[in-house]
Amino acid sequence: MYKIFDIHTHTYPEAISEKAVKALNAFYEFVSEGDGTYKGLTKGAKENGVEGFLLFSVATNAHQVQKVNDGIAAQTKASREEGFKTVGFAGMHQDYENMESEIERCIKMGLKGVKIHPDIQGVDIDDPRMLRLYEIVEGRIPVYFHIGDNRPEYRFSQPKKLRRVLDMFPRLTAVAAHLGGYMSWDETANCLAGHERVWYDTSSALWAMTPEFAGRMIGILGAERVMFGTDFPVKTLDTEIKRFLAIDLTEREREDILYNNAARFLGLDD
């Protein structure tokens with residue numbers, strides 16, 4: 001049995017979880033495996049011996065920011081009281097006026113980073129409105145980016161735009177989700193691979209590629225910087241663990257990706 005930390009999860013209040021998952025499915029034109037609830041997430045975690053997870057949500061407008069962050073902070077605290085090594089990241093929207101004060105508030109609440117989803121938020125990674133955020137957090141907390149899409153109307157999160165931001169902010173640490181670029185892995189390999197301030201996760205990637213291709217991508221990006229994630233509720237632990245274990249990796253690489261890399265990145269065992 002491996003130690004596992006799920007680095008990429010989303011949960012919604014039970015009252016809106018069904019609606020939220022339906023909206024997610026409509027946006028991406030797929031069918032999610034999970035129900036989007038915290039109970040659904042922890043049921044799978046307990047069944048698979050998962051140590052904890054990184055929780056975050058997306059602020060789809062500026063008015064949601066504080067509510068989203070209060071919810072993540074409360075859920076993270078409750079989860080840790082259950083015995084999980086849970087970590088929360090804040091959400092931020094490009095039109096939120098008091099960005100600096102909200103980031104300070106989130107840090108005081110114990111949130112350890114910021115998550116943005118450029119495609120759902122409708123903003124380029126290198127939009128001037130987002131540059132304010134990177135200036136505030138660089139050298140302090142990381143930014144977790146949804147990266148990539150192969151649909152022409154959703155090119156807000158191209159890997160090359162993240163590379164541009166990293167060049168502009170030399171102390172910014174980033175996570176490029178979905179093995180560095182959902183459905184745009186060739187571009188990821190060309191412009192992000194080997195960057196010393198970029199980490200990656202396996203979420204919403206393994207189901208879209210063969211185990212052989214996944215193994216090649218992990219080799220290109222560096223197994224020491226890749227972390228296991230499900231993108232719950234998109235996929236569940238049962239299926240994603242099976243997909244991950246089908247990749248031809250060494251035992252050390254498996255242990256690192258499933259837990260050790262996340263432990264280093266988040267300081268889980270400090």
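The values are calculated or read from the model by the stated rules, or taken from the named source; none is laboratory data. What you see is a predicted model; the values in this text were computed from it and never measured. Cβ placement follows ideal geometry from the backbone for every residue including glycine, while neighbour counts extend to all protein chains displayed.
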- prompt: Given the residues E18, E51, which is the only one that is modelled with pLDDT of 90 or more and within 18 Å of R80 (Cβ to Cβ)?
  reply: E51
query: Taking the range 246-259 on its own, how many of its residues are free of Cβ contacts under 8 Å to residues at least 40 places away in the same chain, surrounded by 14 or more Cβ atoms within 10 Å (Cβ to Cβ) and in a helix (DSSP H, G or I)?
result: 2
field: Selection within the range 107-123 - closer than 16 Å to E135 by Cβ and not β-branched (V, I, T)
entry: G113
- request: Output the residue which, of all residues in the range 75-109 that are over 18 Å from V58 (Cα atoms) and among the small types (G, A, S), is surrounded by the most Cβ atoms within 10 Å (Cβ to Cβ).
  value: S79
- request: Of the numbered conditions (1) aliphatic (A, V, I, L, M); (2) surrounded by fewer than 20 Cβ atoms within 10 Å (Cβ to Cβ); (3) not in a loop (DSSP other than H, G, I, E, B), V31 fails exactly one; give the number of that condition.
  value: (3)
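With the structure loaded, tell me whether T76 is of a type outside the set (D, E) and touching a Ser or Thr at 6+ places or on another chain (Cβ under 6 Å) or whether it fails that test. I'd like the intermediate steps shown before the answer.
On the way: of a type outside the set (D, E): yes; touching a Ser or Thr at 6+ places or on another chain (Cβ under 6 Å): yes.
Spelling it out, T76 is indeed of a type outside the set (D, E) and touching a Ser or Thr at 6+ places or on another chain (Cβ under 6 Å).
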- prompt: So which residues in the range 55-95 are part of a strand (DSSP E or B) and either in contact with an Asp or Glu (Cβ under 7 Å, 6 or more places away or on another chain) or aliphatic (A, V, I, L, M) (or both), if there are any at all?
  reply: L55, V87, A90
query: How about the range 39-54: which of its residues are in contact with a helix residue (DSSP H, G or I) (Cβ under 6 Å, 6 or more places away or on another chain) and either in a strand (DSSP E or B) or surrounded by fewer than 18 Cβ atoms within 10 Å (Cβ to Cβ) (or both)?
result: N48
field: Only listed residue being farther than 14 Å from L54 by Cβ, touching a Phe, Trp or Tyr at 6+ places or on another chain (Cβ under 8 Å) and not charged (D, E, K, R), chosen from T202, T210, T239
entry: T239
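Can you work out which of the residues in the range 1-16 that are in contact (Cβ under 8 Å) with a residue 24 or more places away in the chain and more than 18 Å from the chain's Cα centre (by Cα) is surrounded by the most Cβ atoms within 10 Å (Cβ to Cβ)?
Looking at the filtered set, the residue picked out is Y2.
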query: Which fully enclosed helices (runs of 4 or more DSSP H) of the range 182-245 have 1 or more residues being crowded, with 24+ Cβ neighbours inside 10 Å, of a type outside the set (D, E, K, R) and at pLDDT below 95?
result: 185-191
- prompt: Inside the range 104-138, can you point out the residues that are among the acidic types (D, E), in a helix (DSSP H, G or I) and in contact (Cβ under 8 Å) with a residue 24 or more places away in the chain?
  reply: D119, E135
